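The values are calculated or read from the model by the stated rules, or taken from the named source; none is laboratory data. Quick caveat: nothing in here was measured; it's all calculated off a predicted structure. Backbone-built Cβ (ideal geometry, glycine too); neighbour counts: all protein chains shown. What goes into the accessible areas is simple: the full protein's heavy atoms, side chains included, and nothing from ligands, DNA or RNA. Shrake-Rupley method; radii C 1.70, N 1.55, O 1.52, S 1.80 Å.
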Amino acid sequence: MIDHKDALLLTQIAKGLPICSHPYAVIGERIGLSESEVIKRITHLQKMGMIKRLGIIVKHATLGYRANAMIVWRIPEADIDFVAQEMLKLSFVTLCYQRPMRPEWPYNLYCMIHGKNKTKVNAQLAQLIEDCNLREVEKQILFSSRCFKQRGAVYTTT
Amino acid sequence: MLKLSDLQKKLLNDFQRNFPLTPKPYADIAKQLGVSENDVLDALNELDEKHCISRIGAIIPPNQIGVSTLAAMSVPENEIERVAAQINQYTEVNHNYEREHEVNLWFVLIAQNAAHLDNVITSIETESGYPVLRFPLIKEFFIDLSFHLDLTND
């Protein structure tokens, strides 16, 4: 279990580390922890699997990756793990999630492709369909057109 | 395409994960790359100012703390900015994207418990006048590697 200080710390590091000589000391000051305590707690939170990764979070769009497609697929329940693992073998697939189907939205596997432009993403999608044998699978392709919000989550404990 | 220094390209590709957990992490990165701490701080500050990085921070897996869900709405084009602004008011919302589809507004919410998450979604439905579809995570398939950025100018 994590305590209130851990939740505050996770919110701080999800928001971002300051770019200065002693970032962990600065964060510690905000929430009443010493630098060494901050480092110890983050190390522990990482071991517990509470942190997927710590590092630079890039803005793909500014770096020339202007096209981003979310593709949702209707995959038989029993095949989901296999198909997802096949998808992740392709370097341009950046995320892969299983989510529940809805009557209005009967898709259960979500993947994301970040690419330099739509033409490239469409070519990568064509490769994905071939490599993962998804020609007959129902899907929807959703390119993102505008980002209204992108930031780290705010965590609270009661 | 922006002009990036070799140091900036290295930082962007090699430090998306395993950021040093040491008192002076930027100095340790500098040592690894054979430059000074100030070189690294300057390079990162410039990447930040040019909006090349969102932040240097942690990605927390969904549902580790609190409850989260992906949500979606179908909103007429001329209403989308109003509805997006209403959604963004909530601190529980951390991502909100327009996508080219009839189901065009996609956002992620995180709250301390299911009841609170429910309340926020109900409020969004009432304020916007449109129903919200909920797609909570069932399973995340992990990738071990960082996304490799091709930073050549083509």
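Key figures for this structure:
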| item | result |
| --- | --- |
| With DNA, RNA and ligands ignored, accessible area of B:Leu117 (1.4 Å probe; Å², nearest 10) | 20 |
| Greater than 22 Å apart at Cα, pairs in A:Lys52/A:Lys139; A:Lys149/B:Lys9; A:Lys116/B:Lys139; A:Lys15/A:Lys40; A:Lys47/B:Lys31 | A:Lys52/A:Lys139; A:Lys149/B:Lys9; A:Lys116/B:Lys139; A:Lys47/B:Lys31 |
| Nearest 10 degrees, 0 to 90: helix A:4-15 Cα axis against chain A principal axis | 60 |
| Accessible area of chain A belonging to carbon and sulfur atoms, whole % at 1.4 Å probe | 53 |
| For A:92-101, mean number of other protein chain Cβ atoms within 10 Å | 5 |
| Solvent-accessible area lost in complex, 40 Å² minimum, residues of region B:3-18 relative to chain alone, 1.4 Å | B:Gln16, B:Arg17 |
| Accessible surface of A:Glu86 - all protein chains present, 1.4 Å probe, nearest 10 Å² | 50 |
| Gain upon complete extension [B:Lys139, B:Ala85; 0.36 nm per residue less C-alpha separation] | 16.5 nm |
| Separation of the A:Cys147 and A:Ala123 label points, Cα + 7 Å toward Cβ, nm | 2.4 |
| Solvent-accessible area per residue, Å², over region A:4-47 with all protein chains present [probe radius 1.4 Å] | 45 |
| Inter-chain Cβ neighbour average for residues A:62-69, partner chain, 10 Å | 5 |
| Inter-chain Cβ neighbour average for residues B:107-120, partner chain, 10 Å | 2 |
| Separation between Cα centres of region A:78-114 and region A:130-144, rounded to whole Å | 10 |
| Formal net charge of residues neighbouring A:Lys15 (Cβ-Cβ distance under 9 Å; K, R +1; D, E -1) | +2 |
| B versus A: buried accessible surface, summed, Å² (probe 1.4 Å, to nearest 100) | 7400 |
| Axial C-alpha extent at least 20 Å, average Kyte-Doolittle at least -0.5 - helices from chain B (DSSP) | B:114-128 |
| 1.4 Å probe accessible area per residue over region B:67-135, in Å² | 42 |
| For region B:22-98 and region B:115-137, distance of Cα centres in Å | 23 |
| For the protein assembly as shown, calculated [θ]222 nm from helices alone, where every DSSP H run of n ≥ 4 adds -39500 (n - 2.57) | -11000 deg cm²/dmol |
